[in-house]
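Throughout, read-outs are computed from the coordinates displayed, never taken from laboratory work. What you see is a predicted model, and the numbers here were worked out from it, not measured in a lab. Cβ: placed from backbone, ideal geometry, glycine included. Neighbour counts: every protein chain shown.
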Amino acid sequence: NLEIITAENFNTNVPKSSGGDVFKPADFKKNFESIVLEELPGDVSQDEQFGFVLEKILSVIKDAYMAHTAAFFWYNAKRKRLTLERHVSASTQITKQKFELEDDILGKIVQKEEPEILTDITSNAEVDNLRYYNQPQGIKSFVGVPLFYGKALTGILVLDSKMNDAFGIEQVYSLGRIVRVISVIINLFEEKFAESQAEQRLKTLVDIFSYDRKYESESELFQAIETAVHGLIDWDVFTLVTYEPNEHKFKTAKIVNKTSLKYIGHGLEIDLTGTLVGRAILSTTPVKIDDTSNTEIPPRFSKNEDFHFDGSFLAVPLVYDDQNYGVLCFESLKKNVYSNSEVAFIKNATKIFAFILHSYSSVTILRSFLSHDIETKALNYDSFLERFTIDLVKSKELTVQGAVALIK
């Protein structure tokens, strides 16, 4: 049936032939909606949210360029190190790892700050250049472009293929547009994180200053401090060290460990010399360690502690009126987490904790000197037992009868 447009059917819709229709499977709409309506993972950190978005971008790039692997690396200029952040690959021979800067293809991209293309990679060249694989994959082509953030090289986006001449100059330009989009996304995430963190910290400080209650016990006081530090800074382990006036010692009073790793226990006495916390106490100055895996760094609390915790460590002393009332200690599994500006903020924000501990300690000491209850004017518990014991001794020695009436 040959279709011909004539004067009679010119203004009508001409039906298409069945050969031009696209077959749609029964779950076509369902599958499409599962892709476009996929939600960001909930209750995750800012880094994990960015990683989720980055992985989706890499998936699109890999499919669009028919690549074997699409990967993104962060570059740390201070340590001259590359870190594989995310990858999407047909291979299972890739593990998330860090790479020291060497004279390979990734190193050339960093040193020259310009894209690199390889179109006919030999097996020996693959082993030397593509270090992110655990074993050779038969890769023949490679393209890598630098990502700039604040005009500084911050990352590298790479694609590879098992086909020769898979990438050219046109792919470099289009990948350049993609890394520009990624840099914009990084900026948006950074601004959003700064705003949300500022709001969270403000709310935390407002909650602290709005406390309108007495702290009847140490546990209630320590719980209030723990609740407050949740919104001030990121940490995996929090430790509160307080001064025990009766023993004239600093001890661990509160420990919150979010990890499954071994840590110290409650009531541990702090060694004032030869430890990080001891240094913070004696110097009344914060101590910040960016990489606790360094074997030359002293122990945290005690010379006899037997745990290993790689990451970052921060100790902030609680000083009021030149008196040290304790130390706030934060531990993170990530290295280089706490910046100097963040330490300055925590030091200023937690002055209220030092005042609270000072007030509680002063009230506790004063109560220990009182013999009468302030409200009822009756003898307090300790004074009552002391005087009642004296009267019992007198009664026994003098064989004098007596009586006592207790009203609670």
**Asked** chymotrypsin sites (Phe, Trp or Tyr not before Pro), restricted to the range 270-368: which are DSSP loop and have at most 12 other Cβ atoms within 10 Å?
**Response** 307
**Request:** Name the long-range amide H neighbours of residue 327: under 5 Å, sequence gap of 5 or more, or other chain; modelled H, no Pro or chain starts.
**Result:** 241, 242, 318
**Simple spin-label estimate for residue 389 and residue 283 in nanometres, 7 Å along Cα-Cβ** = 4.6 nm
**Message:** Suppose the chain between residue 162 and residue 368 were pulled fully straight at 0.36 nm per residue; how much longer would it get relative to their current alpha carbon spacing?
**Reply:** 66.2 nm
**Asked** Can you work out the FRET efficiency for the pair residue 262 and residue 398, with r the C-beta to C-beta distance and R0 = 56 Å, to the nearest 0.05?
**Response** 0.35
**Prompt:** By average Cβ neighbour count within 10 Å, what is the ranking of 386-395, 136-145 from highest down?
**Reply:** 136-145, 386-395
**Message:** Restricting to DSSP loop positions (anything but H, G, I, E, B) with no more than 12 other Cβ atoms inside 10 Å of their own Cβ, which GluC sites (Glu not before Pro) remain in the range 237-327?
**Reply:** 247, 296
**Alpha-carbon centroid distance for the pair the range 63-142 / the range 250-277, whole angstrom** = 42 Å
**Asked** Cα centroid distance between the range 284-344 and the range 351-408, in Å?
**Response** 41 Å
**Complete:** Whole-Hz Karplus couplings 3J(HN,Hα) for the range 325-337, θ = phi - 60° and coefficients 6.51, -1.76, 1.60, Gly and Pro as x, run 9, x, 9, 9, 10, 10, 10, 10, 6, 8, 8, 6, 7
**Request:** For an R0 of 35 angstrom, estimate the FRET efficiency from the Cβ-Cβ distance between residue 93 and residue 344 and round to the nearest 0.05.
**Result:** 0.20
